[in-house]
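Student: Just dropping this structure here.
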Amino acid sequence: MSRLSLTVLGILFVAAAQNVQSAEGVFSFDIDGDGETEALTDGLLVLRYLFGFSGTTLSEGAVSSSAVRASADAISAYLET
């Protein structure tokens, strides 16, 4: 996948995420749980998960330093629900 395609996907992800209303018990696009929805962290995690990445290849370099869900297992479990 080219950089342009990833950039477009990231922009679409952020646009969609900003239009989702948060409520208790509703899915949030804040995948790593750091309180922010970002294309280069949360969006990348979603893309990697959808492409079948697991283990360290899922989460390495794609979670923020303040992430609540930083392990691949925690991220996978969140996305599976």
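FYI, it's all coordinate maths here, none of it is from the lab. None of these values were measured; they are calculated from a predicted model.
Student: Across the range 33-45, in residue order, what do the Karplus-derived ³J(HN,Hα) couplings come to in whole Hz, using 6.51 cos²θ - 1.76 cosθ + 1.60 with θ = phi - 60° and x for Gly and Pro?
Tutor: Rounded to whole hertz, the list is x, 8, x, 9, 9, 10, 5, 7, 10, 5, x, 5, 4.
Student: Once you have the Cα-Cα distance between Phe51 and Ser64, take 0.36 nm times their residue separation minus that, and quote the gain in nm to one decimal.
Tutor: Result: 2.6 nm gained on full extension.
Student: Let me ask you something else. Can you work out the Karplus-derived ³J(HN,Hα) for every residue in the range 74-81? Use 6.51 cos²θ - 1.76 cosθ + 1.60 with θ = phi - 60°, whole Hz, and x for glycine or proline.
Tutor: With the stated coefficients, the range 74-81 comes to 5, 5, 4, 4, 5, 6, 5, 7 Hz.
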